[in-house]
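Peer 1: This is the structure, below, for whatever I ask next.
Throughout, read-outs are computed from the coordinates displayed, never taken from laboratory work. Since the structure is predicted, the reported quantities are computational estimates derived from the model, not experimental observations. Here the Cβ positions follow ideal geometry from the backbone for every residue, glycine too, while neighbour counts run over all protein chains shown.
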Amino acid sequence: MPDHGPTPERILELGQGFWAAKALLSATTLGVFTELDRNGPQTVEELERTIGLHPRSSQDFLDALVALDLLDRDHYEYRNTPEAAAFLVEGKPTSFVGWFEMVNDRLYPFWGDLETALQTGRPQNELDDAQTHPFEGVIYTDDEILEQFVGAMTSFSMAAADVIAHEFPWADHDSVVDLGTSEGVVPTRIAEVNDHVHAIGADLPRIERYFQDYVAESPAADRIEFRTVDFFADETLPAADVYILGHILHDWSHDETRAILSKVFEAVAPGGAVVVYGTMIDEERREATLPLLMSLNMLIETPAGSDYTAGECIEWLHQAGFEGGEATPLPGPETMVVARK
């Protein structure tokens, strides 16, 4: 066959990619994957009843999920693929349902104004172009949004928490502070896996009730505590052998990031360490699609935040006084950087 040059399939998929994204987000919000996990394979008619689908396009919707490799269909019954069963079922340790619910309810509408954000450099969230940080103006002031946010952070931190709990050399350290802890999945997992470690979750006061509810279910609850911390207003931070910062630094400007890390350095004991994890851009800025798009999301959400490379992170840590700096890929799109004091 003659070569007719480029074909438009990939461009069309990209340009209309929001169709697939919204199908996934809608299926997650409607509980398709959770229903199939809990009650087994179902037909179109059964799913119409159990999750409230209108018959007009229910089959198209479910078959689109099959085409997206999120559902399998055996004759007339739908079931979850292994990937959907692992990550899209509410209540599972590996679930991203909380994250996708927040993406659906908050981020998806805001991304409709990406052009405005790119032309103005200003956020496009509930604050309507204001320069107030969303933590101050929206997330930490609205109970419904805050509950969804902390659940989303737990979803997005679960894989990192497990790796850090198992693979960091905790035998050399007795205490840890997770700065910006949200519900506390990271200190909880560390304490559960390492029975000599005292774990502190540090965050703003409104987070404490979510933290206590989450930690109460852990067998290590007696070694996990909450500390109220404002890493800008407080002159000092709680002392510990190890500090962990996950999904924190990309919320702030580079100057604010340096200020945070300077306080962290003072709080870490000599011989201790700092762990920074999150979506980090590859050094050549060519391949890490999700971190680059996450950086655009920080444009949508924050006055000055952006994602960064592991090299930039290590440079900031050195400026704060830490030594070394090793970057390790985590499961999924995230990277972990460890430096020492």
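Peer 1: Along Cα→Cβ, 7 Å out, is where each label goes; now give me the distance between the ones at Leu114 and His4 in nm to one decimal.
Peer 2: Going by the 7 Å Cα→Cβ label model, 2.9 nm.
Peer 1: So, one more: Hey, what angle do you get for helix 143-167 against the long axis of the chain, alpha-carbon based, 0 to 90 degrees rounded to 10?
Peer 2: Value to nearest ten degrees: 70.
Peer 1: Also, I was wondering about something else. Using only Cα atoms and rounding to the nearest 10 degrees, what angle (0 to 90) does helix 58-67 make with the longest principal axis of the chain?
Peer 2: That helix lies at roughly 60 degrees to the long axis.
Peer 1: Extension gain Glu126-Glu144, at 0.36 nm per residue separation less the Cα-Cα distance, in nm?
Peer 2: 5.1 nm is the gain from fully extending Glu126 to Glu144.
Peer 1: With point charges of +1 on the Cβ of Lys and Arg and -1 on the Cβ of Asp and Glu, referenced to the Cα centre of the chain, which listed residue (Phe231, Pro205, Trp316) lies farthest in the positive direction of the dipole?
Peer 2: Looking along the dipole axis, the top candidate is Trp316.
Peer 1: Per the Kirkwood definition applied to all pairs of different Cα atoms, how many angstroms is the hydrodynamic radius of the range 161-340?
Peer 2: This gives a value of 16.4 Å.
Peer 1: A further question on this structure: Put +1 on the Cβ of each Lys and Arg and -1 on the Cβ of each Asp and Glu in the chain; which of Leu245, Ala191, Pro333 then has its Cα farthest toward the positive end of the dipole?
Peer 2: Value: Pro333.
Peer 1: Next up: Any idea what diffusion coefficient the chain gets from Stokes-Einstein, in µm²/s, Kirkwood Rh on alpha carbon pairs, 4 °C, 1.567 mPa s?
Peer 2: Calculated translational D: 60 µm²/s.
Peer 1: Along the positive direction of the dipole of the range 1-128 (beta-carbon charges: Lys, Arg +1; Asp, Glu -1; about the Cα centre), which of Phe18, Pro93, Leu65 reaches farthest?
Peer 2: It is Pro93, whose Cα lies furthest towards the positive end.
Peer 1: Take peptides 152-164, 74-86, 178-190 and line them up by average Cβ neighbours within 10 Å, highest first, as a rough protection proxy.
Peer 2: Descending packing order for the listed peptides: 178-190, 152-164, 74-86.
Peer 1: Please get the size of the charge dipole for the range 100-249, origin at its Cα centre, with Cβ charges of +1 on Lys and Arg and -1 on Asp and Glu, quoted in debye to the nearest 20.
Peer 2: Details: 7 positive and 30 negative charges, 43 e Å.
Magnitude of the dipole: close to 200 debye.
Peer 1: Let me ask another. Sorted by average packing, counted as other Cβ atoms within 10 angstrom per residue and highest first, what order do 298-304, 42-48, 4-10 take?
Peer 2: 298-304, 42-48, 4-10
Peer 1: Let's see if you can work this out: charge +1 on each Lys and Arg Cβ, -1 on each Asp and Glu Cβ, no other charges. What is the dipole magnitude of the range 9-87 about its Cα centre, in debye to the nearest 20?
Peer 2: Charge dipole, the range 9-87, about its Cα centre: 260 debye, nearest 20.
Peer 1: Pulled fully out, how much extra length does the chain show between Ile11 and Arg209, if you take 0.36 nm times their separation in residues and subtract their Cα-Cα distance?
Peer 2: In short, 66.7 nm is gained.
Peer 1: Need one number: % antiparallel among DSSP beta bridges in the chain, to the nearest 5.
Peer 2: Of the beta bridges lying entirely in the chain, close to 45 percent run antiparallel.
Peer 1: If you don't mind, there's one more thing I want to ask. About the Cα centre of the chain, what is the dipole size in debye to 20, counting +1 per Lys and Arg Cβ and -1 per Asp and Glu Cβ, all else neutral?
Peer 2: For the chain, the charge dipole is close to 140 debye.
Peer 1: Please give the calculated 222 nm ellipticity per residue for the chain, where each DSSP H segment of at least 4 residues contributes -39500 (n - 2.57) and the sum is spread over every residue; nearest 500 deg cm²/dmol? Before the final figure, lay out each step's value.
Peer 2: Details: 14 runs with 146 residues, N = 341.
Rounded to the nearest 500, it is -12500 deg cm²/dmol.
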